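Undergrad: Here it is, the structure, as structure tokens.
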Amino acid sequence: TKREDVRNIAIIAHVDHGKTTLVDELLKQSGVFRENQAVEERVMDSNDIERERGITILSKNTAVYYKGTKINIIDTPGHADFGGEVERVLKMVNGVVLVVDAFEGAMPQTKFVLRKALELSLPVIVCINKIDRPEARPDEVIDEVLELFMDLDASDEQLDCPFVYASAKAGVAVLDLTDEERDMQPLFETILDYIPAPEGDPDADTQVLISTIDYNEYVGRIGIGKVDNGTIKVGMDAVVVNEHEPDRQEKVRISKLYEFDGLNKVDVKEASIGSIVAISGIADISIGDTICSPENPSAIPFQKISEPTIAMQFIVNDSPFAGLEGKYVTSRHLRDRLFRELNTDVSLRVEESESTDSFKVSGRGELHLSVLIENMRREGYEFAVSKAEVLYKQDENGKLLEPMEIAYIDVPDEFTGTVIEKLSQRKGELQNMGTSNGGYTRLEFLIPARGLIGYRGEFLTDTKGNGIMNTAFEGYAPYKGDIQYRKSGSLIAFETGESVTYGLFGAQERGILFIGPGEKVYSGMVIGQNAKTDDIEVNICKTKHLTNTRSSSADEALRLTPPKVLSLEEALDFIDTDELLEVTPKSLRIRKKILD
Ligand code: GDP
């Protein structure tokens, strides 16, 4: 049976192409809002970080009504680093709206999500936005979009997609540029006509697959998903099962059920096939859970959430300078904030360590963790972090396994050589190389996750900020051997009477980690390095032992506290990284670590 009164769509857009304005306008013009009632809160407004990085991080839901049909609109994350989020979102919908700026054209950043949508056979409506711009070139942009579709192996049906021209800012959309502009109606109509209504069996046993998790201080975790079969009702008994956890058989009673309405969640008593619902009151609800009626619970297959592959220590700042830059500095603050993050981010792991001052935070990649770090710093948390390290595993025979990633890279043609060279050095294997398209070449690398550590910044420099990189976890594979970095790194060691601390940094890594006996971790920031003398300027933002070194050169620090020279074994005891350290009194080079 089809739910003709519902449409579920996802929006794909490059940052600034007008997604927020468009959704605002759909909201304003939909039945939810009475005439002249302003939409005060911007719907899908990206947070600062999303805007700066040009990617959407969290997916958000909105619902609008048009002619008695409810249109659920879901924002798509722009990056593959977030543990299958893209696929999860796209599995809730029956079609997508691709918003493209009529001047800028389709940007490579949207390719990853678009490719997924096309692979899942979803129909696409192309909305050429900002046609009011004087430089708008809608016809060329349409050609470019179609070329992109072909490049991404779109089917014939998908290539035959409708185009809607819009000026979200003016609140108008047209199907033909000569049409008279009035309102968004043509876009609404196209959504109703072209995007199929969701289907399912309303009389079957209930199945709701949870695809996203939201969190609210008052009600706790909220599971969001689509009703795939049957009906879910407040007061009904249900069983929660999960394809990847055969033992999960939790009996629950549905106490609170919501649907989306405009920008809000509203209470409903029941919901049927095709509805996107939010459910609170199940404390441990998680992504991938299926909520079933008790008769014969069966889990809906679901892409497993990617495992964390990278970890960092988040360390309390206990220097005399703590509190100068942030409001929240204590171990308690840090702990609460990190554990709170687990409520909504299922790809994240937080572990306490022996020291109450340090937490091991594992995530899907450097980008994933750096977004968390930046968010926390902006919220006023002051803390230090260690260098990222890869999470290794062992197979049954004790052989070392390491996480592998696929890196999808779009790079301006002139930088292709540099990127291939750099990634090859980092043990990347080029799997696919597309032909040049619009000045960009697509490269696909299979690469150890450790090879990507610290690479993103270098990549942006090497491509003058124009390269785009998405990564996706591929699986664990036998350790690929050593990475030989060309850049040199140094270890600096300070003896401070009661302990020795060591710091490791490379030319690219400004963060510095000090590890002392008893696994005590300190950290600082490399301010600069003198290329001629190799002197290092270090700003030590956390240590109990070193004072007066807020800004001292390594040379001076070394003079004051002569370093202890370590043997290789000793150094490795302290520093768990995949680079081998050759220690000399004054510096050391990063070399290979012999693992076999
Ligand atoms: P988002 O990042 O995709 O959500 O983009 P926004 O909706 O925030 O829009 C980015 C910028 O483009 C804002 O300054 C908007 O005012 C502007 N904008 C959005 N739609 C239009 C349009 O149809 N025409 C013009 N000229 N500007 C637009």
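The values are calculated or read from the model by the stated rules, or taken from the named source; none is laboratory data. Quick caveat: nothing in here was measured; it's all calculated off a predicted structure. All Cβ positions, even for glycine, are placed from backbone atoms using ideal geometry, and neighbour counts span all protein chains on display. The protein model used for the area step is the full one, side chains on, heavy atoms only, and it has no ligands, DNA or RNA in it. Shrake-Rupley method; radii C 1.70, N 1.55, O 1.52, S 1.80 Å.
Undergrad: Roughly how many Å is it from the Cα centre of region 363-418 to that of region 236-294, as a whole number?
TA: Region 363-418 and region 236-294 have Cα centres spaced 33 Å from each other.
Undergrad: Beyond 19 Å, how much of the Cα-Cα pair distribution for region 354-427 remains, as a whole percent?
TA: On the way: 1609 of 2701 pairs.
Everything past 19 Å amounts to 60 percent.
Undergrad: Hey, can you rank 171-181, 120-130 by average C-beta count inside 10 Å, highest first?
TA: Numbers: 171-181: 15.0, 120-130: 21.5.
For the peptides 171-181, 120-130, the packing ranking is 120-130, 171-181.
Undergrad: In region 112-192, how does Rg compare with the Kirkwood Rh, expressed as the Rg/Rh ratio over alpha carbon atoms? Present the calculation step by step, with values, prior to reporting the outcome.
TA: Details: Rg = 13.2 Å, Rh = 13.4 Å.
Rg/Rh for region 112-192 comes to 0.99.
Undergrad: Here is a further query. Just add up the charged neighbours of Thr344: K/R +1, D/E -1, any other residue whose Cβ is under 9 Å from the Cβ of Thr344.
TA: Details: positive: Arg221, Arg340; negative: Asp214, Glu341, Asp345.
With Lys, Arg at +1 and Asp, Glu at -1, the net is -1.
Undergrad: Enter the mean projected area of the convex hull around the alpha-carbon atoms of region 219-361, in nm², rounded to one decimal. Don't skip to the end; give the middle numbers.
TA: Working: hull surface 45.7 nm².
Value for region 219-361: 11.4 nm².
Undergrad: Quick one: plug the Kirkwood hydrodynamic radius of region 336-474 (C-alpha pairs) into Stokes-Einstein at 10 °C, 1.306 mPa s, and report D in µm²/s. Walk me through the numbers on the way to the answer.
TA: On the way: Rh = 16.9 Å.
This corresponds to a translational diffusion coefficient of 94 µm²/s.
Undergrad: Using alpha carbon coordinates only, what is the Rg to Rh ratio of region 62-198, with Rh defined as the Kirkwood radius? Spell out each step's value before the answer.
TA: Numbers: Rg = 14.7 Å, Rh = 15.5 Å.
Ratio of gyration radius to Kirkwood radius for region 62-198: 0.95.
Undergrad: If you keep only loop residues by DSSP, which trypsin sites (Lys or Arg not before Pro) in region 352-446 have at most 13 other Cβ atoms within 10 Å of their Cβ?
TA: Values: sites: Lys360, Arg364, Arg377, Arg378, Lys387, Lys393, Lys399, Lys422, Arg426, Lys427, Arg442; in loops: Arg364, Lys387, Lys399, Arg426, Lys427.
Filter output for region 352-446: Lys399.
Undergrad: Over all directions, what mean area does the Cα convex hull of region 402-485 project, stated in square nanometres?
TA: Values: hull surface 19.8 nm².
Computing the convex hull of the Cα atoms and averaging its projections yields 5.0 nm².
Undergrad: With the alpha-carbon atoms as the only input, what is the per residue convex hull volume for region 118-254 in Å³?
TA: Roughly 204 Å³ of hull volume per residue.
Undergrad: When the accessible area of region 233-363 is split by element with a 1.4 Å probe, what percent falls to carbon and sulfur?
TA: Numbers: 2910 of 6210 Å².
That fraction is 47 percent.
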